[in-house]
Amino acid sequence: MFRPNFRYTDKIVKNLTFIAEARAIILNAPLVPKWEVSLRRDAVLRSAHSSTAIEGNTLSFEQVSDLARGREVMAARRDKQEVLNYLGALERIPEFAGRSPFTRDDLLEIHKTITKDTLENPKYEGAFRDRQVVVVDRATGEVVFTPPPTEEVLKLVDELLEWINSEDATKLDPVLGAGVIHYELVRIHPFVDGNGRTARVMATLWLYKRGFDIKRFFCLDDYYDRDRRAYYEALKSVDQESLDLTKWLEYFTDGVAVSVGAVRDRVLGLSREIRVLKERGQVALTERQMKIVEWIMERGHITNREIRKMFGISNRAAVDELSKLLKLQVIKKMGKGRSIRYVLV
């Protein structure tokens, strides 16, 4: 059976400690349901944008967001389909995570979901490769890695799946497990195309399956997309003889720490000064009201005029929104006349 080879370094331990502490803050924060929906949606959209961008997709985050809302986007058909496919795969994470044992067919189904109607030859959608491939840095055209021979693919996949379904895998920290699965799938490169996206979905799936990201707030792909050169260098850092994953896992845990830290900071920003949340548990706010609260947290206060401009609404509608927030004791009024402004309670 496949067994990951790595050492616990100070950096890995420090990252895992930070991740655990930040995650605890997030899970214990007094979030309203609407905010949870907003955090989850943002993570899904950023994942779809970043993971496909790494592979050369040209859609902007705004275009990805529009596609997810069912709006028409002026872009190449393949680029749009890749994003829609990735969004579809992410939506099915809970379904895939519930499959036990996880099999070859499950892995192929994920790949087919990701590559549907995007490959030059449809026969490779949801199928293992039947020829040798190489990993190319799309920015430079440089061959950065040559995967194992084609005849070894099925054996290596089966060994990885055996480990995924084993007790050994569940004993390993979920973050390290996700990093191991991510790397090993990229190393095996079992498909003609779509290996990186499949590996990243599988890492996300593992975090969900292990109960680490049950609320699905975290987006790992942003970190990789931010510096693609570093991503490729981290993948190349693994010696192909010893398969020592230590350097890769240092990089991978760095990425998870950045992602979880960003969510922690946003959660703390949302809940930091809203005393009513602690007193009453949860307050149901609309999407518009959440944006008003976030504006105040970023700038310290908000005015009626700023609300009208933000949403393109009338004075009466802005007054209604403010009245609701005042009644909920989320905000309070400061000043008089034209200098009236609203701050958090």
**Asked** Mind checking which residues of segment 206-219 are farther than 14 Å from V180 by Cα and either free of Cβ contacts under 8 Å to residues at least 12 places away in the same chain or crowded, with 19+ Cβ neighbours inside 10 Å (or both)?
**Response** Y208, K209, F212, D213, I214, R216, F217, F218, C219
**Item:** Failed item, numbered, when R69 is tested on (1) modelled with pLDDT under 95; (2) under 29 Å from R41 (Cα atoms); (3) touching an Asp or Glu at 6+ places or on another chain (Cβ under 9 Å)
**Value:** (3)
**Prompt:** Which ones in segment 40-62 are out of contact with any Asp or Glu (no Cβ under 8 Å at 6 or more places or on another chain) and surrounded by fewer than 19 Cβ atoms within 10 Å (Cβ to Cβ)?
**Reply:** R40, R41, D42, G56, S60, F61, E62
**Residue satisfying condition, being touching a Ser or Thr at 6+ places or on another chain (Cβ under 6 Å), over 21 Å from A20 (Cβ atoms) and in the same structural domain as L119 (by TED's automatic domain parsing), within set R228, R200** = R200
**Item:** Residue that is surrounded by the fewest Cβ atoms within 10 Å (Cβ to Cβ), among those in segment 144-180 that are touching a residue at least 24 places away in the same chain (Cβ under 8 Å) and small (G, A, S)
**Value:** S166
**Asked** Which one is surrounded by the most Cβ atoms within 10 Å (Cβ to Cβ), of the residues in segment 126-143 that are of a type in the set (G, A, S) and under 18 Å from T52 (Cα atoms)?
**Response** G126
**Request:** For segment 224-234, indicate whether the set of residues that are free of Cβ contacts under 8 Å to residues at least 12 places away in the same chain, closer than 21 Å to I93 by Cα, surrounded by fewer than 24 Cβ atoms within 10 Å (Cβ to Cβ) and in contact with a helix residue (DSSP H, G or I) (Cβ under 7 Å, 6 or more places away or on another chain) is non-empty.
**Result:** no
**Message:** Given the condition surrounded by 20 or more Cβ atoms within 10 Å (Cβ to Cβ), part of a loop (DSSP other than H, G, I, E, B) and modelled with pLDDT of 90 or more, answer yes or no: does some residue in segment 238-248 qualify?
**Reply:** yes
**Request:** Could you please tell me which pairs satisfy a Cβ distance under 9 Å, a separation of 6+ or placement on different chains, a first residue in segment 128-140 that is without any contact (Cβ under 8 Å) to a residue 12 or more places away in the chain, and a second residue that is surrounded by fewer than 16 Cβ atoms within 10 Å (Cβ to Cβ) and not acidic (D, E)?
**Result:** V136/V143; V136/V144; T140/R229
**Message:** Please count how many residues of segment 329-345 are loosely packed, with under 11 Cβ neighbours inside 10 Å and of a type in the set (S, T, N, Q).
**Reply:** 1
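Restricting to segment 182-191, and then to whatever is touching a Pro at 6+ places or on another chain (Cβ under 9 Å) and of a type outside the set (D, E, K, R), can you tell me which residue is nearest to R216 (Cα to Cα)?
The residue in question is Y183.
The values are calculated or read from the model by the stated rules, or taken from the named source; none is laboratory data. As the structure is a computational prediction, the values presented were derived from the model and not from experiment. Here the Cβ is made from the backbone with ideal geometry for all residues, glycine too, and neighbour counts use every protein chain on show.
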